Amino acid sequence: MCGIAGFIDFNKKTTVTQLRKMTDALIHRGPDGSGYEFIEEDHAVVGIGHRRLSIIDLTETGKQPLIYSDCMISFNGEVYNYKEIKAELIEKGHTFKGNSDTEVILHAYLEWGEQCLKKMIGMFAFVIFDRNKKELFCVRDRAGVKPFFYYIKDGLFLFASELKSFHHHPEFEKEINLDAVAAFMQYGNVPTPHCIFENTRKLKPGHFFKISLNDKITSLQDITEVQYWNVYDYYNAPLLDISYAEAKTELKKMFQSAFQYRMVSDVPLGMFLSGGFDSTCVTAMLQENNPQKLKTFTIGVPDIGLNEAPFAKEIAQRLGTEHFEFNCTEKEAMQLIPDLPYFYDEPFADSSAIPTMLVSKMAREEVTVALSADGGDEIFAGYNRYDYLLRYSEKLRKLPKAGRKLFLELMQRIPSDKIPVLRNKYNFHNRYEKLKSILANPSKESIMLSLSQQFTNEQVQKMFQKNVSVLETSFDSDELKRNSDLAYMMAIDYQTYLLDDILQKVDRATMSVSLEGREPFLDHRIIEFAAKLPDDYKYKDGIKKRILRDMVYEYIPKEMMDRPKMGFAIPIARWLQEDLRELVETYINQKRIEQQGIFNWDFISRIKNDFLLGKKELDYKIWYMLMFQMWYDEYISA
């Protein structure tokens, strides 16, 4: 795991000093070493930078940027099957100086070109500059585990693992994209491929692009991203004609392969263990095939009722791991909040970033690599919203359209705060607004969108001083051809919530302490297989993650596992109304909002006042606003 940064400057103004500053802004991603290559060509200057976190091949032969045969690479991530690819290349006559996966990628590119991506199992974002072709090749892995940002304006192209690198280039313009701000206020993140700044994008997962030095680029429109992998190819494929027992057997083989690949490391390695089905599955299968005790890590914040430690400890004892249990105070958790804007670069509002940063910090004291079991919910149907939509969407669609329209018109005339008894129920007002949008359009697309957004499109328009547009996202995709509500939801979540929330959260949290995070469930072979399984192998009669659960029961008794899912729940409402009240007043006030010229203070002040007067269901709306304001203070006002 590392950090990459660099540029192509067709104006030939950028210097090696600026390359160093851009690259060294990522020192937390790679504290073990650095490398910088500055190339002067006829039409442009090229800079390639790298910050190294040494995981595989700790010698100098693993140093980057790595150069071979007039090509150089800067690589962030891991290619787990590099030894197999290397053996194939040796048969073709290639020779190697070291034992790194980076060197294998470069040779694979020279042998197969862009087709080399089809051979790779792993997580990666990298650039290869080919001096013979005068071309830069930019790539992101299939699921989007590793980040890749790029910026283009007036002949300057910048790329980096994190946006903070761009702030160290004097020509980078910090012009806020208001449409992206609006999207953040709805989703709690800026959805891919969009970015908080104008002229800036995230490279989409499963995509690559090339830039030729012979063709001067001036804007984002000059870039054509090419898709080399698409999750819909597998959701649209014919369902496997396979029994449930056979599916379990095949899936277990894939798990064992994927999980064991992620154990490849020349430094200490461990596993985040919550005691839930996903992390228990990974831990159980790895410990079963490992003669050494696997190190497992659990975080607890008992003060706020966030304490999975007893469950995780029980699981760890059952599996025989070397278990580390960390408990921190509520105060320690809150002390991390001021650090969030710096490490997350863009506004980011998932409060579970706090415990994720805590467990990463504590695990780093013992290991350099930690496995995380993210992706199980999206691949095997684990979220409650799947249950809700499958139970109720069909019933809503069967309601007569005239009846739905009449009821909606009635709701439009009666504000939620005028409804006796219910108006005092927690979150009633949010649910009331969502129900109106669902009645207007009870399609699975509308319901999924409603369940994913904090503010409606109508509320967003009232929030901003200027008109904002709704950005096109993966929610708008019509690529799914199979008539399955469950497949629709899982495919959307795989490309939205998993990508822009979960993976971004884990990447920045682990990298904040120079810890490599690995995601075993995101081996592409798993989703390619699971997408073709019948829906009822994943969800049946209200049982979520059916096939995964049944596998875990082979290791852990059912009575130990069947408990309510806890997750990383933070008491945001209480914090904002009490301990963080000063932060709210500092960052969300009339003077600051009006000086920014982005938001409509009348709208913001109503939400703030209602929340502080007791409407706790507005907590995440205030939290989203606070996270934006703190980010603005870190990167724009500074």
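Could you check the range 26-59 and list, in sequence order, the residues that are among the hydrophobic types (A, V, I, L, M, F, W, C) and either modelled with pLDDT under 95 or more than 19 Å from E516 (Cβ to Cβ) (or both)? Even if it seems obvious, please write down each step before you answer.
Restricting attention to the range 26-59, the residues satisfying the condition of being among the hydrophobic types (A, V, I, L, M, F, W, C) are 26-27, 38-39, 44-46, 48, 53, 55-56, 58.
F38, I39, A44, V45, V46, I48, L53, I55, I56, L58, listed by residue number.
Would you pick out the residues in the range 520-542 that are buried (at least 23 other Cβ atoms within 10 Å of the Cβ) and out of contact with any helix residue (DSSP H, G or I) (no Cβ under 7 Å at 6 or more places or on another chain)?
L522
Checking A491 against (1) crowded, with 22+ Cβ neighbours inside 10 Å; (2) among the hydrophobic types (A, V, I, L, M, F, W, C); (3) not in a helix (DSSP H, G or I), which test does it fail?
Looking at each condition in turn, A491 falls short on (3).
Go through the range 208-235 residue by residue and tally those that are in a strand (DSSP E or B) and in contact with a Phe, Trp or Tyr (Cβ under 7 Å, 6 or more places away or on another chain). Reasoning before the result, please.
The initial filter retains those residues of the range 208-235 that are in a strand (DSSP E or B), namely 208-212, 226-227.
Among the residues that remain, those that are also in contact with a Phe, Trp or Tyr (Cβ under 7 Å, 6 or more places away or on another chain) are: 208, 210-211, 226.
Summing the residues that are in a strand (DSSP E or B) and in contact with a Phe, Trp or Tyr (Cβ under 7 Å, 6 or more places away or on another chain) in the range 208-235 gives 4.
In this structure, is L19 within 25 Å of G144 (Cβ to Cβ), of a type outside the set (V, I, T) and modelled with pLDDT of 95 or more? Walk me through it before giving the result.
Working: within 25 Å of G144 (Cβ to Cβ): no; of a type outside the set (V, I, T): yes; modelled with pLDDT of 95 or more: yes.
Here the answer is no, as L19 does not meet what is asked.
Hey, could you check the range 167-181 for residues that are assigned to a loop (DSSP other than H, G, I, E, B) and in contact (Cβ under 8 Å) with a residue 60 or more places away in the chain and say which is surrounded by the fewest Cβ atoms within 10 Å (Cβ to Cβ)? Don't jump to the end; show me each part of the working.
So in the range 167-181, the residues assigned to a loop (DSSP other than H, G, I, E, B) come out as 169-175, 177.
Subset that is in contact (Cβ under 8 Å) with a residue 60 or more places away in the chain: 169-171, 174.
Values: H169: 22, P170: 10, E171: 17, K174: 13.
Restricting to residues being assigned to a loop (DSSP other than H, G, I, E, B) and in contact (Cβ under 8 Å) with a residue 60 or more places away in the chain, the top hit is P170.
So which of Y392, Y386 ends up being farther than 30 Å from K164 by Cβ, touching a Phe, Trp or Tyr at 6+ places or on another chain (Cβ under 7 Å) and not in a loop (DSSP other than H, G, I, E, B)?
Working: Y392 fails: touching a Phe, Trp or Tyr at 6+ places or on another chain (Cβ under 7 Å).
Among Y392, Y386, only Y386 is farther than 30 Å from K164 by Cβ, touching a Phe, Trp or Tyr at 6+ places or on another chain (Cβ under 7 Å) and not in a loop (DSSP other than H, G, I, E, B).
Yes or no: the range 75-83 includes at least one residue that is part of a loop (DSSP other than H, G, I, E, B) and either of a type in the set (D, E, K, R) or free of Cβ contacts under 8 Å to residues at least 24 places away in the same chain (or both). Quick ask: steps written out before the conclusion?
Initially, the range 75-83 is screened for residues part of a loop (DSSP other than H, G, I, E, B), giving 80-81.
From what's left, either of a type in the set (D, E, K, R) or free of Cβ contacts under 8 Å to residues at least 24 places away in the same chain (or both): none.
No, the range 75-83 contains no residue that is part of a loop (DSSP other than H, G, I, E, B) and either of a type in the set (D, E, K, R) or free of Cβ contacts under 8 Å to residues at least 24 places away in the same chain (or both).
Specify the residue that is surrounded by the fewest Cβ atoms within 10 Å (Cβ to Cβ); the eligible residues are those in the range 224-247 that are in contact with a helix residue (DSSP H, G or I) (Cβ under 9 Å, 6 or more places away or on another chain) and among the β-branched types (V, I, T).
V226
Mind listing just one residue for me: the one in the range 260-313 that is among the hydroxyl-bearing types (S, T, Y) and assigned to a helix (DSSP H, G or I) and, of those, farthest from E325 (Cα to Cα)?
Let us first name the residues in the range 260-313 that are among the hydroxyl-bearing types (S, T, Y), namely 261, 265, 274, 279-280, 283, 296, 298.
Now drop any that are not assigned to a helix (DSSP H, G or I), which leaves 261, 279-280, 283.
Working: Y261: 26, S279: 15, T280: 15, T283: 15 Å.
Taking the candidates together, the pick is Y261.
Write out, first by first residue and then by second, each pair whose Cβ atoms fall under 8 Å of each other, whose residues are 6+ apart or on separate chains, and whose first residue, in the range 594-606, is touching a residue at least 60 places away in the same chain (Cβ under 8 Å) while the second is surrounded by 13 or more Cβ atoms within 10 Å (Cβ to Cβ) and part of a strand (DSSP E or B).
Every condition considered, the pairs that remain are I598/I176; I598/F464; F599/F464; N600/F464.
Taking strands (runs of 3 or more DSSP E) that do not extend beyond the range 13-69, which have at least 1 residues that are under 28 Å from the mean Cα position of the chain (by Cα) and free of Cβ contacts under 8 Å to residues at least 24 places away in the same chain? Don't jump to the end; show me each part of the working.
On the way: elements: 33-40, 45-52, 66-68.
Counting at least 1 such residues, we get 33-40.
Out of (1) touching a residue at least 60 places away in the same chain (Cβ under 8 Å); (2) under 12 Å from S512 (Cβ atoms), the odd one out for L358 is which?
(1)
The values are calculated or read from the model by the stated rules, or taken from the named source; none is laboratory data. If you're wondering where the values come from, they're calculated on a predicted model, not measured in any experiment. Don't worry about glycine lacking a Cβ; one is built from the backbone with ideal geometry, like all the others, and counts go over all protein chains shown.
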